[in-house]
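The next block holds one structure in the form of structure tokens; read it before the comments.
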Amino acid sequence: MTAADLLAIVMVLGLTAYALTGGADFGGGVWDLFARGRDAADQRRLVSAALGPIWEANHVWLIFVVVMMFSGFPAAFGVVGSTLEIPLICALAGIVLRGAAYVYRAYGSGAAGPDHWWGHVFAVSSAITPVALGVAGAALATGDVAEGAPLTPVKSAFGILCGVFALAVTAFLAAVYLCRDAAASAETAHLVPGFRRRALGGAVVSGLLAAALLPLLWSEAPVVADRFVDRSIPFVVISAIGGVSSLVALWRHRFTTARVTAGLAVAGVLWGWAAAQYPDLVMGQATVDSAAAPSANIVAMLIAVCCGLVILVPSLWMLFRLFSSPEVSSPEARS
């Protein structure tokens, strides 16, 4: 294994961390958008409490991956930046708008306009980013990208379906996480059945979308599809076991177990894609070897990553540990 291969593995682990933390946050915004009925206000308050004050910290993993690609695989970074500008700009816009809307709604007290307006911006922008990132991932697999043709990735049926699949997966993950958060307090325990139904529905939709993606994968990304059969079946099995175990745990009200197994299901999907994508970073245009920076640079990057993780991981663990049980109060109690 070369240093470039090791850096690529570290990037996949960073993407996994982002999917399991930031992805769940985006999924929370989806359920904020679809909150209905007499418990809608309580559901939105739980989503808000579950996100804050750690929601922004999760984006460190995306920054982590971007910096590693820029420093370790500059040629691939150039291809991605010059051909996927539309989905990446949409993803960035979603992140920025979502962050601003969250702050204005949670802490603005109407000073920047009615809170429900910002609630709509928060919810819609939360859905935009995972869809855009899914479209970008599909384009990396097909290699159907070219400079001067920025709309190509967003005109692909395979790409759009991958984006919707990413949205469904984040919504499933968020619903599972929210079941545990809701069950942690007697004040929010009445929200558990609603989020459990959403988690079950999200799992079903994700499974159906995955089944619909398979024939498109063979027609739109045949090289990746062939590698998928050869390399990714073990990860599919891991994902399936995680998904089924999560549903069983939800049914039995074992929400901590459901949270772990749901994360395994999502990670299995990402690992399966990465295994099938390797060694191409952008199919047909940039590989791990052809796009890699000099070996000395990559080794220095790996050393810097290890040193940074020694500080970052314990800090994030402590942050999540401190705020793992969100407190949800009614507007009357806050006043």
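The values are calculated or read from the model by the stated rules, or taken from the named source; none is laboratory data. Everything quoted here is computed from the prediction, not taken from an experiment. We place every Cβ from the backbone using ideal geometry, glycine too, and count neighbours over all the protein chains shown. The area values use the complete protein model at the heavy-atom level, side chains included, leaving out ligands, DNA and RNA. Shrake-Rupley method; radii C 1.70, N 1.55, O 1.52, S 1.80 Å.
Of the set (1) in contact (Cβ under 8 Å) with a residue 40 or more places away in the chain; (2) in a helix (DSSP H, G or I), all apply to His253 but (2). Within segment 168-191, the set of residues being free of Cβ contacts under 8 Å to residues at least 60 places away in the same chain and either in a helix (DSSP H, G or I) or aromatic (Phe, Trp, Tyr) (or both) comprises Ala168, Ala189.
Results for (1) touching a strand residue (DSSP E or B) at 6+ places or on another chain (Cβ under 6 Å); (2) surrounded by 17 or more Cβ atoms within 10 Å (Cβ to Cβ); (3) more than 30 Å from Leu46 (Cβ to Cβ), shown as yes or no for each residue.
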| residue | (1), (2), (3) |
| --- | --- |
| Phe172 | no, yes, no |
| Leu178 | no, yes, no |
| Thr188 | no, yes, no |
| Val192 | no, yes, no |
| Val229 | no, no, yes |
| Ala240 | no, no, no |
| Leu250 | no, yes, no |
| Thr261 | no, yes, no |
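Of all residues in segment 281-301, those being part of a helix (DSSP H, G or I), open to solvent by 20 Å² or more (accessible area, probe 1.4 Å) and touching a helix residue (DSSP H, G or I) at 6+ places or on another chain (Cβ under 6 Å) number 3. Just so you know, in segment 137-168 the residues that are under 13 Å from the mean Cα position of the chain (by Cα) and among the small types (Gly, Ala, Ser) include one that is farthest from Val282 (Cα to Cα), and it is Ala168. On the basis of being in a helix (DSSP H, G or I), farther than 30 Å from Met301 by Cα and of a type in the set (D, E, K, R), does Asp25 make the cut? Judged against the criteria, Asp25 is not a match.
Assessment of segment 199-215 against the conditions (open to solvent by 40 Å² or more (accessible area, probe 1.4 Å), without any contact (Cβ under 8 Å) to a residue 40 or more places away in the chain, farther than 30 Å from Arg254 by Cα and in contact with a helix residue (DSSP H, G or I) (Cβ under 9 Å, 6 or more places away or on another chain)) yields at least one matching residue.
When Ser246 is tested against the conditions (1) open to solvent by less than 60 Å² (accessible area, probe 1.4 Å); (2) at pLDDT 95 or above, the lone failure is (2).
In this entry, Leu133 is excluded by the filter for residues that are farther than 23 Å from Arg98 by Cβ and open to solvent by 10 Å² or more (accessible area, probe 1.4 Å).
May I ask you to verify whether Ser219 is polar (S, T, N, Q), assigned to a loop (DSSP other than H, G, I, E, B), open to solvent by 70 Å² or more (accessible area, probe 1.4 Å) and under 30 Å from Gly81 (Cβ atoms)? Spelling it out, it is not the case that Ser219 is polar (S, T, N, Q), assigned to a loop (DSSP other than H, G, I, E, B), open to solvent by 70 Å² or more (accessible area, probe 1.4 Å) and under 30 Å from Gly81 (Cβ atoms). Could you tell me whether any residue of segment 3-21 is under 14 Å from Ala175 (Cβ atoms), aromatic (Phe, Trp, Tyr), open to solvent by less than 40 Å² (accessible area, probe 1.4 Å) and modelled with pLDDT of 85 or more? Looking through segment 3-21, none of the residues is under 14 Å from Ala175 (Cβ atoms), aromatic (Phe, Trp, Tyr), open to solvent by less than 40 Å² (accessible area, probe 1.4 Å) and modelled with pLDDT of 85 or more. Scanning segment 127-167 for residues that are in a helix (DSSP H, G or I) and without any contact (Cβ under 8 Å) to a residue 24 or more places away in the chain returns a single hit, Lys155.
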